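The values are calculated or read from the model by the stated rules, or taken from the named source; none is laboratory data. The structure displayed is predicted, hence computed values, not measured ones. Heads up, the Cβs are rebuilt from the backbone with ideal geometry, glycines too, and the neighbour counts pull from every protein chain shown. Protein only, heavy atoms only, side chains kept; ligands, DNA and RNA dropped before computing areas. Shrake-Rupley method; radii C 1.70, N 1.55, O 1.52, S 1.80 Å.
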Amino acid sequence: MTEWFMTVVGVMQGDVLSPLLFAIFLEIIVMSALEDIDIGAWINGQRVTDLRFADDIAILAESENSLQQAVDSLLKNSKKMGLKINVPKTEVQLLGHGNRSLKINLEGQGLKQTEEFVYLGGVMHSVEGTEADVKRRIGKARKNFQMLKKIWAASNLSKALKVEVFEVGPTFSKVPRKILRRFHILGKC
């Protein structure tokens, strides 16, 4: 266990302001790190420099030098604000340019290059892009829709009930048990 220490800034753990203050804090760090650097990727005519959700940050760059410059600037600004970047959890990925390796360093350590990158549940592959992930998601949706086939075909159920079952989704946790028994779905959940 660590020694006791005094805190001079911050809020109590569990305070409702904590996530908001952290998001603002991170916003300041990332914005100040990337504001004077010419980085990003052009997507539909817009330059996108980074993707952020909570503490997940993906920096986009079109060259290895630009990415290294952005990583260095993010490190400098993070340190200035008292934040440490977790090097083992930080990875790089090259998209659409074959299997070339990137040499990006953070605090003197080479960052791991990954073939697959998961961001907010979506999978981005270095060579295939998002195609495999889109196919996987369509397959899951098709399977879930097929699970409800008997319900769609039932003439004794109202349209409103069918819509309600559809909105609940394939878990069936909110569907009345007598309806599930009628379609022999209970026991498969």
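Among the residues of the stretch 111-160, those that are small (Gly, Ala, Ser), under 23 Å from the mean Cα position of the chain (by Cα) and either surrounded by 13 or more Cβ atoms within 10 Å (Cβ to Cβ) or more than 25 Å from VAL92 (Cβ to Cβ) (or both) comprise SER126, GLY129, ALA132, GLY139, ALA141.
Can you tell me which residue within the stretch 17-46, out of those that are part of a strand (DSSP E or B) and open to solvent by less than 90 Å² (accessible area, probe 1.4 Å), is nearest to GLY96 (Cα to Cα)? Checked the stretch 17-46; the qualifying residue nearest to GLY96 (Cα to Cα) is ALA41.
Restricting attention to the stretch 120-143, which residues are closer than 30 Å to LEU51 by Cα and assigned to a helix (DSSP H, G or I)? Once the filter is applied, which keeps residues that are closer than 30 Å to LEU51 by Cα and assigned to a helix (DSSP H, G or I), the stretch 120-143 yields GLU131, ALA132, ASP133, VAL134, LYS135, ARG136, ARG137, ILE138, GLY139, LYS140, ALA141, ARG142. If the condition is being hydrophobic (A, V, I, L, M, F, W, C) and open to solvent by less than 40 Å² (accessible area, probe 1.4 Å), then the stretch 61-81 contributes ALA61, LEU67, ALA70, VAL71, LEU74, LEU75.
Looking at LYS103, LYS84, can you tell me which residue is open to solvent by 100 Å² or more (accessible area, probe 1.4 Å), assigned to a loop (DSSP other than H, G, I, E, B) and over 22 Å from SER63 (Cβ atoms)? Exactly one residue qualifies, and that residue is LYS84.
Condition check ((1) without any contact (Cβ under 8 Å) to a residue 60 or more places away in the chain; (2) charged (D, E, K, R)) across all residues:
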| residue | (1), (2) |
| --- | --- |
| THR49 | yes, no |
| PHE53 | no, no |
| GLU62 | yes, yes |
| ASN65 | yes, no |
| GLN69 | yes, no |
| ASN77 | yes, no |
| LYS80 | yes, yes |
| LYS84 | yes, yes |
| GLU91 | yes, yes |
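Being under 30 Å from ALA58 (Cα atoms) and either modelled with pLDDT under 85 or out of contact with any Asp or Glu (no Cβ under 8 Å at 6 or more places or on another chain) (or both) is not true of VAL163. Residues in the stretch 81-117 that are more than 16 Å from ASN65 (Cβ to Cβ), touching a strand residue (DSSP E or B) at 6+ places or on another chain (Cβ under 6 Å) and among the aliphatic types (A, V, I, L, M): VAL87 only.
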